[in-house]
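Engineer: I'd like to ask you about the structure that follows.
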Amino acid sequence: MDRSKKVVVLGGGSFGTVLANLAASNGYQVTLWVRDSEHALRINSEGANTTYHPELKLSENIQASDSLEDVMENASIVFIATPSIVFEQIIKRIRHTLKDDTYVISCTKGILGNPFRSLSEVIISNINNTVGVLSGPNLAKEIADNKVAGSVIASSDNDLIDSVKTILSSDTFKIYSSDDLQGVELAGALKNIYAIICGLAEAIDVGENAIGLILTRSMAEMSRFAVAKGANPITFLGLAGMGDLVATCTSKLSRNYQLGYNLGKGMSIDEAKKDIGQVAEGTRTLEVIKNESFELNIKMPLVESLYNIIYEKLKPSTLISDLVNNPHEVDVEFKYWVMNTIKKEEILKPNKWIRLIFMVLYAFAFNFAVSICIGLSLVQFLFFLFTGKANPSIANFNSYMIEFYNDTLAFLLFETEEKPFPFKDENIENDIIDAEVDEVEDIALNDNSKDFQEDSKY
């Protein structure tokens, strides 16, 4: 992507700030939108976002502004890192200012309810631009400190993926790609719930074994829900799934982990939120997932338990007892999902295995024919060298070889089901041509007959 292109980051919070600085450090002109004019002035005058990253010196290529209209003017790519509660409002405000070729990337790990919608679905329902989702184990403080981290950009558009990689990649920030937009997005949102649970579990001192149990059951619940929503379960084994889950559920830098820890120490939900001082998306996501899992009849005992602790005022210790007493005993569920997506009757059809045999035979024949043609080309060259012209017999044979090549490739690449020589019916094409000629001749004869009849009247 051309570095003259304008990069916009909506949201001057912890993650939005580090995204803006990554892009600006790569030479792009970045505009950072913040809601407060005084906040924007401080960032521009101090060269730092002291509210979230006082130690991070921002690139001179960053310009902060509180004017959404000014920020969006001529934007080439837009990263949205606002809280989920204002996400749709922001999309509706910018949709009339977007150019048709502007990429829009959701960087917010949240979900909206009533009705259930992922944030990428919110974007798609409001604008026609190409959409992507950025997610992964991205603790902003560590990225700001230039510690090694990775993320995943998910999109169906390869140009968008390449652009994001070019803009954000650095020596310490690696970006991977995915085409499972739904899976990457749900993984990022769902893990916040389990980060709260792990923080709570740590506070009540359940032990390392129990933490391992919680993490693996968290993964099972996340992927179970995501599959029901059409995501690929394998996505949850990657950076956006397991990577983000482990990082967020074991780090005191995670806001959701901190929230859970405060709950485990006896704080109310309001006290816990106030103590953190930043938005923890997990509580919003918890309510949405609790309601949606009930509607879809998806078993999510950890979600149920945390919901009861926060909103039904149950003791934090009930988390472990609920987990141990839950009747669900299947460990790894990926294999069942994979097998359920495979139609066994399709696999066992004899014609498919017969085709494989022919494919192998023709592949060998193809390679052998290549060797023959190389030899013939040398012989043909000798004829040309000494006589000044090609041998017609060899040329005629070569035409048959070219036809064999084309037919074989078409069969091997599933362009046709017709087998090449010696199974190809050489007369079919001639029969078709003959039939067409006969039809033309019949039409001509009929026309001549009509002309004769017309002439005979006179």
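Engineer: Given the conditions (1) touching a strand residue (DSSP E or B) at 6+ places or on another chain (Cβ under 9 Å); (2) surrounded by fewer than 22 Cβ atoms within 10 Å (Cβ to Cβ); (3) more than 24 Å from Ser14 (Cβ to Cβ); (4) in contact (Cβ under 8 Å) with a residue 24 or more places away in the chain, report the number of the one that Asn158 does not fulfil.
Structural biologist: Going through (1) touching a strand residue (DSSP E or B) at 6+ places or on another chain (Cβ under 9 Å); (2) surrounded by fewer than 22 Cβ atoms within 10 Å (Cβ to Cβ); (3) more than 24 Å from Ser14 (Cβ to Cβ); (4) in contact (Cβ under 8 Å) with a residue 24 or more places away in the chain one by one, Asn158 breaks only (4).
Engineer: Would you mind finding the one in Glu221, Glu281, Glu295 that is closer than 25 Å to Leu181 by Cβ, out of contact with any Cys (no Cβ under 7 Å at 6 or more places or on another chain) and modelled with pLDDT under 90?
Structural biologist: Values: Glu221 fails: modelled with pLDDT under 90; Glu295 fails: modelled with pLDDT under 90.
Exactly one residue qualifies, and that residue is Glu281.
Each row is one residue, and each column tells you yes or no for (1) within 23 Å of Tyr257 (Cα to Cα); (2) touching a strand residue (DSSP E or B) at 6+ places or on another chain (Cβ under 9 Å).
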{"position": "Ala48", "(1), (2)": "no, no"}
{"position": "His53", "(1), (2)": "yes, no"}
{"position": "Phe79", "(1), (2)": "no, yes"}
{"position": "Ser84", "(1), (2)": "yes, yes"}
{"position": "Arg95", "(1), (2)": "no, no"}
{"position": "Arg117", "(1), (2)": "no, yes"}
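Engineer: Residue by residue through segment 49-75, note down the ones that are over 26 Å from Ser4 (Cβ atoms) and free of Cβ contacts under 8 Å to residues at least 60 places away in the same chain. Spell out how you get there, then give the answer.
Structural biologist: Taking segment 49-75 and keeping what is over 26 Å from Ser4 (Cβ atoms), we get 50-55.
Selection gives Thr50, Thr51, Pro54.
Engineer: Before we move on, is Ile111 under 26 Å from Tyr261 (Cα atoms) and under 18 Å from the mean Cα position of the chain (by Cα)? First the steps, then the outcome.
Structural biologist: Working: under 26 Å from Tyr261 (Cα atoms): yes; under 18 Å from the mean Cα position of the chain (by Cα): yes.
In short, yes.
Engineer: Taking segment 179-211 on its own, how many of its residues are surrounded by fewer than 21 Cβ atoms within 10 Å (Cβ to Cβ) and either without any contact (Cβ under 8 Å) to a residue 12 or more places away in the chain or polar (S, T, N, Q) (or both)?
Structural biologist: Residues meeting the conditions: 5.
Engineer: Let me ask something else. Step by step: first the residues of segment 395-408, then only those that are in contact with a Phe, Trp or Tyr (Cβ under 9 Å, 6 or more places away or on another chain) and at pLDDT below 85, then the one that is surrounded by the fewest Cβ atoms within 10 Å (Cβ to Cβ). Which residue is that? Talk me through it step by step, then tell me what you get.
Structural biologist: Here is the first cut: in segment 395-408, the residues in contact with a Phe, Trp or Tyr (Cβ under 9 Å, 6 or more places away or on another chain) are 400, 403-405, 407-408.
Within this subset, residues satisfying the condition of being at pLDDT below 85 are 400, 405.
On the way: Tyr400: 10, Tyr405: 15.
Result: Tyr400.
Engineer: Moving on. Of the conditions (1) in contact with a helix residue (DSSP H, G or I) (Cβ under 7 Å, 6 or more places away or on another chain); (2) aliphatic (A, V, I, L, M); (3) within 23 Å of Leu168 (Cβ to Cβ), Ile124 satisfies every one except a single condition; which number is it?
Structural biologist: For Ile124, the failing item is (1).
Engineer: While we're on this one: Could you look through segment 103-146, keep only residues that are of a type in the set (S, T, N, Q) and not in a loop (DSSP other than H, G, I, E, B), and pick out the one that is surrounded by the most Cβ atoms within 10 Å (Cβ to Cβ)? Quick ask: steps written out before the conclusion?
Structural biologist: Within segment 103-146, the subset of a type in the set (S, T, N, Q) is 106, 108, 114, 118, 120, 125-126, 128-130, 135, 138, 146.
Add one more test, that the residue is not in a loop (DSSP other than H, G, I, E, B), and what stays is 106, 118, 120, 125-126, 135.
Details: Ser106: 30, Ser118: 21, Ser120: 20, Ser125: 10, Asn126: 14, Ser135: 28.
Selected residue: Ser106.
Engineer: Collect the residues in segment 307-322 that are within 18 Å of Ile289 (Cα to Cα) and hydrophobic (A, V, I, L, M, F, W, C), keeping them in residue-number order.
Structural biologist: If the condition is that a residue be within 18 Å of Ile289 (Cα to Cα) and hydrophobic (A, V, I, L, M, F, W, C), then Ile309, Ile310, Leu319 are the ones that fit.
Engineer: Return the residues of segment 1-14 that are closer than 26 Å to Asp171 by Cβ and crowded, with 24+ Cβ neighbours inside 10 Å; say none if nothing qualifies.
Structural biologist: Just the residues of segment 1-14 that are closer than 26 Å to Asp171 by Cβ, to begin with: 1-9, 11-14.
Across segment 1-14, the qualifying residues are Val7, Val8, Val9, Gly11, Gly12.
Engineer: Here's another thing I want to ask about it. Could you check, for segment 309-316, whether at least one of its residues is in contact with a Lys or Arg (Cβ under 6 Å, 6 or more places away or on another chain) and either assigned by TED's automatic domain parsing to the domain that holds Leu200 or of a type outside the set (A, V, I, L, M) (or both)? It would help to see each step written out before you state the result.
Structural biologist: Residues of segment 309-316 in contact with a Lys or Arg (Cβ under 6 Å, 6 or more places away or on another chain): none.
No - not one qualifying residue is present in segment 309-316.
Engineer: Sticking with this one: Residues of segment 106-121 being in contact with a Ser or Thr (Cβ under 8 Å, 6 or more places away or on another chain) and closer than 24 Å to Ile175 by Cα, which ones?
Structural biologist: Filtering segment 106-121 down to residues in contact with a Ser or Thr (Cβ under 8 Å, 6 or more places away or on another chain) leaves 106-112, 117, 119-120.
Ser106, Cys107, Thr108, Lys109, Gly110, Ile111, Leu119, Ser120, listed by residue number.
Engineer: For segment 83-92, which positions are among the polar types (S, T, N, Q) and either free of Cβ contacts under 8 Å to residues at least 40 places away in the same chain or in contact with a Cys (Cβ under 9 Å, 6 or more places away or on another chain) (or both)? Walk me through how you get there before you give the answer.
Structural biologist: Keep residues of segment 83-92 that are among the polar types (S, T, N, Q), which gives 84, 89.
Answer for segment 83-92, where residues must be among the polar types (S, T, N, Q) and either free of Cβ contacts under 8 Å to residues at least 40 places away in the same chain or in contact with a Cys (Cβ under 9 Å, 6 or more places away or on another chain) (or both): just Gln89.
Engineer: Also, quick follow-up: Restrict the check to segment 82-102 and report whether at least one residue is within 19 Å of Leu190 (Cβ to Cβ), under 16 Å from the mean Cα position of the chain (by Cα) and not in a loop (DSSP other than H, G, I, E, B).
Structural biologist: Looking only at segment 82-102, we keep the residues that are within 19 Å of Leu190 (Cβ to Cβ), and these are 83-85, 87.
Cutting the leftovers down to under 16 Å from the mean Cα position of the chain (by Cα) gives us none.
Within segment 82-102 (the criterion being within 19 Å of Leu190 (Cβ to Cβ), under 16 Å from the mean Cα position of the chain (by Cα) and not in a loop (DSSP other than H, G, I, E, B)), the answer is no, since none of the residues qualifies.
Engineer: Right, something else. Can you tell me which residues in segment 249-301 are crowded, with 18+ Cβ neighbours inside 10 Å, of a type in the set (A, V, I, L, M) and under 23 Å from Lys315 (Cβ atoms)?
Structural biologist: Selection gives Leu259, Leu263, Ala272, Ala280, Leu286, Ile289, Met300.
The values are calculated or read from the model by the stated rules, or taken from the named source; none is laboratory data. Bear in mind that the values here come from a model prediction, so they are computed numbers and not experimental data. Please note: Cβ atoms are built from the backbone with ideal geometry, for glycine as well, and neighbour counts cover all protein chains shown.
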